[in-house]
Protein chains: 2
Amino acid sequence: MRKDSRLSRMLHVLVHLHQLQQAVTSDQLALMLHTNPVVVRRTMSLLREQGYVSAVKGHGGGWTLAKPLHQITLLDIHRSLSESSLFTIGLTDEHNNCPIEKAVNLAIDDVLQEAQALVLQRFGEVTLDKLAAGYTPR
Amino acid sequence: MRKDSRLSRMLHVLVHLHQLQQAVTSDQLALMLHTNPVVVRRTMSLLREQGYVSAVKGHGGGWTLAKPLHQITLLDIHRSLSESSLFTIGLTDEHNNCPIEKAVNLAIDDVLQEAQALVLQRFGEVTLDKLAAGYTPR
DNA sequence: GTTTTATGTAACTTATGATGTTTCGTAAGG
DNA sequence: CCTTACGAAACATCATAAGTTACATAAAAC
């Protein structure tokens, strides 16, 4: 399945914004990400709505951080971007009265819920300043 | 994103095959899953290749279990169906020399690897006879 | 041996959501 | 006013599970 690479891309952008310490345009970010400025605006605007970056129009405008990196976690960005599930596995919901389907879905969902809780917890533990400093795995 | 519901569907089918104790045709399974017999054959054939079910042509033919439920785990079926990642999150791989991208991908991948290991371990712990008996979460 | 019932499989269409693209509107600085 | 920037609508593209059509093949029933 097609992957959602927005989290990876946005983290990349945020750390660069921190290091550059100046407004960066969507065109510049698009070059950096090998994509289109409209894609940048579309995705960055989700972060703007949550107060992690701000945008300024006109000459000298562009994107800047609205919060220091140590106040932003991977979880913050993940939540800003996606409302949908973390997993490519889906459950069926076609037979509301079949106890087997219920048991199957319960078993799968039980595992996925546990895994999702783990991911969200770990994401919440990583602030973006750790990425700027050169992240080392646990 | 579109979900892959094949695991849920196939587990559902396998438990039913166990309970019916007789060959079931793709048409019957398709009715059960609210889908098409060709979709059933396509997915079931992946399980056949791994030796979990067998198919017989002609009158009285259809699908039967090739192993007892207690010798099949969720992990077995999961592995038979998908080679792709469990997660909708993808990493970017566009800037091989950017240390920030490396740190970002490392941080994300670190978490996803841990979560994937958890999912696979849990899937490996659940045999299908537990689903037939009415699964209760941990 | 012909018919019926099955699976096996190729080829094509559909649905979904991130991604990519074009185009126009709008605000801010020079 | 002209250029530079974001904002946003509208549409195309891509990948993949799912759905569909069509036909070949094998096995049992008659």
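The values are calculated or read from the model by the stated rules, or taken from the named source; none is laboratory data. The model shown is predicted, which means the values in this text are computed figures rather than measured ones. So basically every Cβ, Gly included, is an ideal-geometry build from the backbone, and we count neighbours across all protein chains shown. Remember, those area values only see protein heavy atoms, side chains included, never the ligands or the DNA or RNA. Shrake-Rupley method; radii C 1.70, N 1.55, O 1.52, S 1.80 Å.
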Inset, instruction - Could you list, in sequence order, all residues of the range A:7-31 that are open to solvent by less than 80 Å² (accessible area, probe 1.4 Å) and away from DNA strand D (no atom under 14 Å from the Cβ)? - result: A:L7, A:S8, A:R9, A:L11, A:H12, A:L14, A:V15, A:H18
Inset, instruction - May I ask you to verify whether B:H34 is surrounded by 16 or more Cβ atoms within 10 Å (Cβ to Cβ) and within 9 Å of chain A (Cβ to nearest Cβ)? - result: no
Legend entry - All positions within the range B:40-55 that are within 14 Å of another protein chain (Cβ to nearest Cβ) and near DNA strand C (Cβ under 9 Å from one of its atoms): B:V40
Inset, instruction - Go through the range B:32-67 residue by residue and tally those that are of a type outside the set (F, W, Y) and touching a strand residue (DSSP E or B) at 6+ places or on another chain (Cβ under 9 Å). - result: 17
Inset, instruction - Would you please name the residue that is farthest from A:G90 (Cα to Cα), looking only at residues in the range B:11-31 that are at the interface with chain A (Cβ under 9 Å from one of its Cβ atoms) and out of contact with any strand residue (DSSP E or B) (no Cβ under 9 Å at 6 or more places or on another chain)? - result: B:Q19
Legend entry - The lone exception for A:M44 - which of (1) farther than 24 Å from A:D27 by Cα; (2) out of contact with any helix residue (DSSP H, G or I) (no Cβ under 6 Å at 6 or more places or on another chain); (3) not hydroxyl-bearing (S, T, Y) it fails: (1)
Legend entry - Contacts under 6 angstrom Cβ, first residue in the range B:105-118 being open to solvent by 60 Å² or more (accessible area, probe 1.4 Å), partner outside any helix (DSSP H, G or I) and hydrophobic (A, V, I, L, M, F, W, C), 6 or more apart: B:Q116/B:L86
Inset, instruction - Pull up the range B:37-69, narrow it to residues that are in a helix (DSSP H, G or I) and open to solvent by less than 40 Å² (accessible area, probe 1.4 Å), then point me to the one that is farthest from DNA strand D (Cβ to nearest atom). - result: B:L69
